[in-house]
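Structure first, commentary second.
The values are calculated or read from the model by the stated rules, or taken from the named source; none is laboratory data. Computed from a predicted structure; not experimentally measured. Glycine gets a Cβ as well: all are built from the backbone with ideal geometry, and neighbour counts include every protein chain shown.
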Amino acid sequence: MCQNACLATPVDTPPMSDSNALIPPPLTPAADVDGALARTGFAVVGPQDLAALAGASPADFDAWRPFWNRLPPDAYLLDGGNYRQRRHGVFVVDGDEVNPAPHRPHWQPVDYNALHGGIERHFEPIEPGLAGDPAWRRLLAGLAARASALKGARRWFVEAHTFRIDTASGIGRPTPEGAHRDGVDLVSVTLVERHGIKGGESRVFQAASSAGLRFTLSQPWTTVLLDDARVIHETTPIQPLRSGEPGWRDTLVLTFRAGGFQGPAAA
């Protein structure tokens, strides 16, 4: 299984500079998302197309932003940092039916997360006002349909993570575990807000070759969809755009897995 060892050569990695140069992502229209996932293992969807996949509007998504201002600190960071805040939720999607599952700890195998794998991490649940929003449920159903188009129709076990990475201590790491896979079937990473930062470059690597792509998510609700069996992903660290001023990067990460949630018994 190709993990971090595959990541050395695909992308030139210049040092972080004071310029806030952003590399635009290669956007895929909603109608072509399933084909792109089948061909390359990933697709980047703009806000309007994400809304189309969800049967919603970007304005529906914008109403969620205050929830990212109420995220508790992540007490499990093992790199010594205090730059991450998050909540966690679990859902089961079967066709158009979306149901919350009993709250449970987040768990990943060490094979997929060398830094935080093998431990049960207990996070505060996603607030009911977000988890119960009709547009939230439509988003989960719309993205689960992409997983079914890719892997075949089935019941999907979904973990939702609302993240804020900040620069209060000078640097924040969106993926402190490094370039990785998640041990699921489909991953979506949605930018909610990018404020006062430089860095935060998204990188997607083919697991079976040295091919890779780098770009920066800058427009809210732009989403990267990833076939977790075929690609590896990471996001580079962020720093404040201006010294002494606050900066943060808010994201929503959804993972779709057939057969059940990950847990120690499934290892």
**Study point:** Output for the stretch 220-240, where each listed residue is in contact with a strand residue (DSSP E or B) (Cβ under 8 Å, 6 or more places away or on another chain), of a type in the set (A, V, I, L, M, F, W, C) and part of a loop (DSSP other than H, G, I, E, B)
**Key:** Trp221
Review point. Among all residue pairs at least 6 apart or on different chains, which show Cβ distances below 6 Å where the first residue, located in the stretch 72-100, is within 23 Å of Ala147 (Cβ to Cβ) and modelled with pLDDT of 95 or more and the second is small (Gly, Ala, Ser) and part of a strand (DSSP E or B)?
Key: Gly89/Ala160
Review point. Among all residue pairs at least 6 apart or on different chains, which show Cβ distances below 6 Å where the first residue, located in the stretch 210-230, is touching a residue at least 12 places away in the same chain (Cβ under 8 Å) and the second is among the aromatic types (Phe, Trp, Tyr) and crowded, with 21+ Cβ neighbours inside 10 Å?
Key: Gly212/Phe205; Trp221/Phe61; Leu226/Phe42
**Study point:** Residue tally, condition free of Cβ contacts under 8 Å to residues at least 24 places away in the same chain and touching a helix residue (DSSP H, G or I) at 6+ places or on another chain (Cβ under 7 Å), over the stretch 32-49
**Key:** 2
**Study point:** When residues of the stretch 138-161 are limited to those that are in contact with a His (Cβ under 8 Å, 6 or more places away or on another chain) and surrounded by 20 or more Cβ atoms within 10 Å (Cβ to Cβ), the one nearest to Gly260 (Cα to Cα)
**Key:** Glu159
Check your understanding: Any residue at all in the stretch 212-219 that is assigned to a loop (DSSP other than H, G, I, E, B) and crowded, with 23+ Cβ neighbours inside 10 Å?
Key -> yes
